[in-house]
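Working notes, beginning with the structure itself.
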Amino acid sequence: MKVLIPPALRDYTGGNSAVQATGITLADLFADLERRYPGILFRIVDEQGALRGHIRVFVNSDAVRAMHTPLRPKDEVMIVQALSGG
Amino acid sequence: MKQITKQQARIPKPMAGKVSLLVATRKGAFILKSDDTRRTWKTSGPFFLGHIVHHVMLDPRDRRTLLLAARTGHLGPTVFRSIDKGKTWKEARRPPAFPKVPEGQRGRVVDHTFWLTPAHATEPGVWYAGTSPQGLFRSADAGDTWAPVSGFNDHPMYTQWTGGEQDGTPDGPKLHSILVDPRDANHLYIGLSSGGVFESLNRGRDWHPLNAGCLALFRPDPYPEYGHDPHCVRLHPLAPDILYQQNHCGIYRMDRTQGRWERIGTRMPKSVGDIGFPMVLHPRDPDCAWVFPMDGTAVWPRTSPGGKPATYVTRNAGRSWQRQDNGLPQTQGWFTVKRQAMSCDAHQPVGLYFGTTSGEIWASRNEGDKWNCIARHLPHIYAIEAVELAK
């Protein structure tokens with residue numbers, strides 16, 4: 001499925017703003033992203049398996065946080081940096 | 001007070017030549033490089049612009065490898081490594097992280113890596129890292145992969161020693177001041193804010209508090225066994241039984257053979273006090289140390305007392321202190337200098353450096369007698385390390 005990558009993570013994807021990855025849950029998808037782009041996972045998911053506080057994920061148009069969220073092959077996943085900082 | 005009048009190790013030859021300042025800021029890292037006289041400085045960077053960089057450290061065993069602790073406001077914490085003095089960087093394959101706990105339990109999460117320390121000279125490639133919240137991590141491959149030091153992180157007293165989130169600093173509770181005894185790789189010290197100073201005699205497998213004599217005014221018992229707030233702890237490389245600390249509650253010195261902290265800040269002027277964050281030791285004189293006092297009264301402004309910044313130096317192990325403000329603003333100078341943001345080189349005379357949260361770097365080529373501003377308009381400075389890079 002298509003995964004949209006925010007600018008802060010494109011160092012890992014060779015500058016690509018959209019990549020392909022597979023998974024039947026969000027956790028699976030992130031694990032596949034880590035296999036393809038080593039290092040990306042720990043920047044968006046903490047060591048206890050939770051999405052980091054300032055990262056948001058949309059599956060199609062639905063905001064999700066649960067890592068067991070089911071995914072279908074035609075879904076589009078968008079990873080977003082929340083508006084935070086200063 | 002026992003004074004070190006005789007050096008206990010061979011006094012190293014003073015450094016000569018170019019000094020590099022490794023500058024960690026809230027918006028990236030910079031390197032300032034001097035000429036041989038330390039009169040002119042050239043700034044390179046920013047490296048990792050936009051990343052929150054808490055520490056950049058040189059490996060003194062090869063003088064080429066740099067480690068850099070970074071995170072951003074959005075992304076998780078990581079460590080970057082350079083083996084060519086900062087020309088190219090590569091991310092650690094496994095940055096410091098606590099172990100995953102079973103489903104349903106609340107596990108710890110590293111918010112940021114705060115402190116980096118190269119291990120003993122006989123352990124090339126070994127490093128230690130301190131994190132927020134308080135965690136100790138070790139790398140045996142020059143910072144590429146990191147493993148928790150379970151002897152501290154999972155110590156049965158961990159929760160009591162570190163307290164809760166409310167006991168941490170405004171930027172989060174931290175493990176800092178990782179010190180390695182140059183005589184013995186098994187002998188380590190750490191500082192916890194909060195928690196106090198702790199010591200291990202077996203390379204981190206077990207730990208015990210080392211806070212006797214140190215005040216903790218914010219506790220019901222002002223002299224508890226642990227729960228203190230050391231801001232910066234230093235060990236003298238030539239006299240490794242001599243420890244100094246700038247604490248939340250004053251300036252202290254310990255002769256480890258006595259095992260008790262003695263408050264040496266009481267000899268500071270009353271109008272200035274002995275609160276601050278950084279502390280720097282003379283590389284060849286264990287009786288000589290510098291501090292940068294800050295206003296720790298009332299609500300803790302953490303700025304130079306009275307808006308008049310100065311360093312203070314002792315050359316007799318804390319029996320007396322001298323003010324050093326030549327070249328610094330004489331009024332309306334509200335500097336804040338963080339615990340890692342003051343450093344010295346090994347020249348003769350020693351060069352001193354400090355960075356402010358307002359992005360200025362001040363340097364003295366003569367041990368604090370005269371100060372010059374060598375950089376302005378940098379981001380909020382977290383840390384400065386003065387080093388000699390390999391040629």
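The values are calculated or read from the model by the stated rules, or taken from the named source; none is laboratory data. Predicted, not measured: the structure shown is a model, and the values here were computed from it. No Cβ is skipped: glycine too gets one built from the backbone with ideal geometry, and neighbour counts run over all protein chains shown.
Residue-wise test of (1) under 18 Å from residue B:361 (Cα atoms); (2) within 14 Å of chain A (Cβ to nearest Cβ); (3) within 22 Å of the chain's Cα centre (by Cα); (4) surrounded by fewer than 23 Cβ atoms within 10 Å (Cβ to Cβ).
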position	(1), (2), (3), (4)
B:30	yes, no, yes, no
B:36	no, no, no, yes
B:40	yes, no, no, yes
B:43	yes, no, no, yes
B:50	no, yes, no, yes
B:54	yes, no, yes, no
B:62	no, no, yes, yes
B:72	no, yes, yes, yes
B:77	no, yes, yes, no
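Looking at B:189, B:128, B:226, which one is farther than 25 Å from residue B:94 by Cα and either under 21 Å from the mean Cα position of the chain (by Cα) or part of a loop (DSSP other than H, G, I, E, B) (or both)? Can you show your working first?
Values: B:189 fails: farther than 25 Å from residue B:94 by Cα; B:128 fails: farther than 25 Å from residue B:94 by Cα.
Criteria check complete, one pass: B:226.
Is it the case that residue B:123 is surrounded by fewer than 24 Cβ atoms within 10 Å (Cβ to Cβ) and within 14 Å of chain A (Cβ to nearest Cβ)? It would help to see each step written out before you state the result.
Numbers: surrounded by fewer than 24 Cβ atoms within 10 Å (Cβ to Cβ): yes; within 14 Å of chain A (Cβ to nearest Cβ): no.
The answer is no for residue B:123.
Which of the residues belonging to region B:297-352 are of a type in the set (A, V, I, L, M), in contact with a Pro (Cβ under 6 Å, 6 or more places away or on another chain) and farther than 24 Å from residue B:230 by Cα?
B:328, B:346 - these are the residues of region B:297-352 that are of a type in the set (A, V, I, L, M), in contact with a Pro (Cβ under 6 Å, 6 or more places away or on another chain) and farther than 24 Å from residue B:230 by Cα.
Which one of these is over 28 Å from residue B:224 (Cα atoms) and surrounded by 19 or more Cβ atoms within 10 Å (Cβ to Cβ): B:129, B:142?
Working: B:129 fails: over 28 Å from residue B:224 (Cα atoms).
B:142 is the lone residue from the list that is over 28 Å from residue B:224 (Cα atoms) and surrounded by 19 or more Cβ atoms within 10 Å (Cβ to Cβ).
Take region A:1-13 and flag every residue that is buried (at least 16 other Cβ atoms within 10 Å of the Cβ) and free of Cβ contacts under 8 Å to residues at least 60 places away in the same chain. Please lay out each step first, then the result.
So the first thing to find is which residues in region A:1-13 are buried (at least 16 other Cβ atoms within 10 Å of the Cβ), and the list is A:1, A:3, A:5-6, A:8-9, A:12-13.
Residues satisfying the conditions are A:12, A:13.
Evaluate region A:18-38: report whether one residue or more is facing another protein chain (nearest Cβ under 9 Å), over 11 Å from the mean Cα position of the chain (by Cα), closer than 25 Å to residue B:78 by Cα and at pLDDT 95 or above.
Let us first name the residues in region A:18-38 that are facing another protein chain (nearest Cβ under 9 Å), namely A:38.
Cutting the leftovers down to over 11 Å from the mean Cα position of the chain (by Cα) gives us A:38.
Now drop any that are not closer than 25 Å to residue B:78 by Cα, which leaves A:38.
Filter once more, so that each one left must be at pLDDT 95 or above: A:38.
There is at least one residue in region A:18-38 that is facing another protein chain (nearest Cβ under 9 Å), over 11 Å from the mean Cα position of the chain (by Cα), closer than 25 Å to residue B:78 by Cα and at pLDDT 95 or above.
Got a number for residues in region B:162-178 being surrounded by fewer than 20 Cβ atoms within 10 Å (Cβ to Cβ) and within 22 Å of residue B:200 (Cβ to Cβ)? Let's see the steps before the verdict.
Here is the first cut: in region B:162-178, the ones surrounded by fewer than 20 Cβ atoms within 10 Å (Cβ to Cβ) are B:163-167, B:169-172.
Retained after the next criterion (residues that are within 22 Å of residue B:200 (Cβ to Cβ)): B:163, B:167.
The total comes to 2.
Within region B:160-174, is even one residue more than 29 Å from residue B:214 (Cα to Cα), assigned to a loop (DSSP other than H, G, I, E, B), over 19 Å from the mean Cα position of the chain (by Cα) and among the small types (Gly, Ala, Ser)? It would help to see each step written out before you state the result.
The first filter runs over region B:160-174 and keeps only residues more than 29 Å from residue B:214 (Cα to Cα), leaving none.
No: region B:160-174 contains no residue that is more than 29 Å from residue B:214 (Cα to Cα), assigned to a loop (DSSP other than H, G, I, E, B), over 19 Å from the mean Cα position of the chain (by Cα) and among the small types (Gly, Ala, Ser).
Which condition breaks for residue B:24 when tested against (1) part of a loop (DSSP other than H, G, I, E, B); (2) buried (at least 18 other Cβ atoms within 10 Å of the Cβ)?
For residue B:24, the exception is condition (1).
Restricting attention to region B:311-340, report how many residues are within 19 Å of the chain's Cα centre (by Cα), free of Cβ contacts under 8 Å to residues at least 60 places away in the same chain and assigned to a loop (DSSP other than H, G, I, E, B).
Number satisfying all stated conditions: 2.
Which of the residues that make up region B:202-227 are surrounded by fewer than 16 Cβ atoms within 10 Å (Cβ to Cβ) and either among the polar types (S, T, N, Q) or touching a residue at least 40 places away in the same chain (Cβ under 8 Å) (or both)?
Hits for region B:202-227 are B:202, B:205, B:206, B:212, B:213.
Within region A:42-56, how many residues are farther than 15 Å from residue B:98 by Cβ, at the interface with another protein chain (Cβ under 9 Å from one of its Cβ atoms) and either among the aliphatic types (A, V, I, L, M) or not in a loop (DSSP other than H, G, I, E, B) (or both)?
Qualifying residue count for the region: 3.
Checking residue A:16 against (1) crowded, with 17+ Cβ neighbours inside 10 Å; (2) of a type outside the set (A, V, I, L, M, F, W, C); (3) at negative phi, which single condition isn't satisfied?
Of the numbered conditions (1) crowded, with 17+ Cβ neighbours inside 10 Å; (2) of a type outside the set (A, V, I, L, M, F, W, C); (3) at negative phi, the odd one out for residue A:16 is (1).
Scan region B:80-102 residue by residue and report those that are within 11 Å of another protein chain (Cβ to nearest Cβ) and not in a loop (DSSP other than H, G, I, E, B).
B:80, B:90, B:91, B:94
May I ask you to verify whether residue B:343 is assigned to a loop (DSSP other than H, G, I, E, B) and hydroxyl-bearing (Ser, Thr, Tyr)?
Values: assigned to a loop (DSSP other than H, G, I, E, B): no; hydroxyl-bearing (Ser, Thr, Tyr): yes.
No, not satisfied.
Of the residues in region B:279-335, how many are more than 21 Å from residue B:365 (Cβ to Cβ), at pLDDT 95 or above and surrounded by fewer than 17 Cβ atoms within 10 Å (Cβ to Cβ)?
The total comes to 7.
Of the residues that make up region A:57-80, is at least one within 13 Å of chain B (Cβ to nearest Cβ), out of contact with any helix residue (DSSP H, G or I) (no Cβ under 7 Å at 6 or more places or on another chain), part of a loop (DSSP other than H, G, I, E, B) and free of Cβ contacts under 8 Å to residues at least 40 places away in the same chain?
For region A:57-80, residues within 13 Å of chain B (Cβ to nearest Cβ), out of contact with any helix residue (DSSP H, G or I) (no Cβ under 7 Å at 6 or more places or on another chain), part of a loop (DSSP other than H, G, I, E, B) and free of Cβ contacts under 8 Å to residues at least 40 places away in the same chain: absent.
Going by the conditions given, is residue A:11 of a type in the set (D, E, K, R), within 14 Å of another protein chain (Cβ to nearest Cβ) and farther than 26 Å from residue B:102 by Cα? Give the derivation first.
Working: of a type in the set (D, E, K, R): yes; within 14 Å of another protein chain (Cβ to nearest Cβ): yes; farther than 26 Å from residue B:102 by Cα: yes.
For residue A:11, the condition - of a type in the set (D, E, K, R), within 14 Å of another protein chain (Cβ to nearest Cβ) and farther than 26 Å from residue B:102 by Cα - is met.
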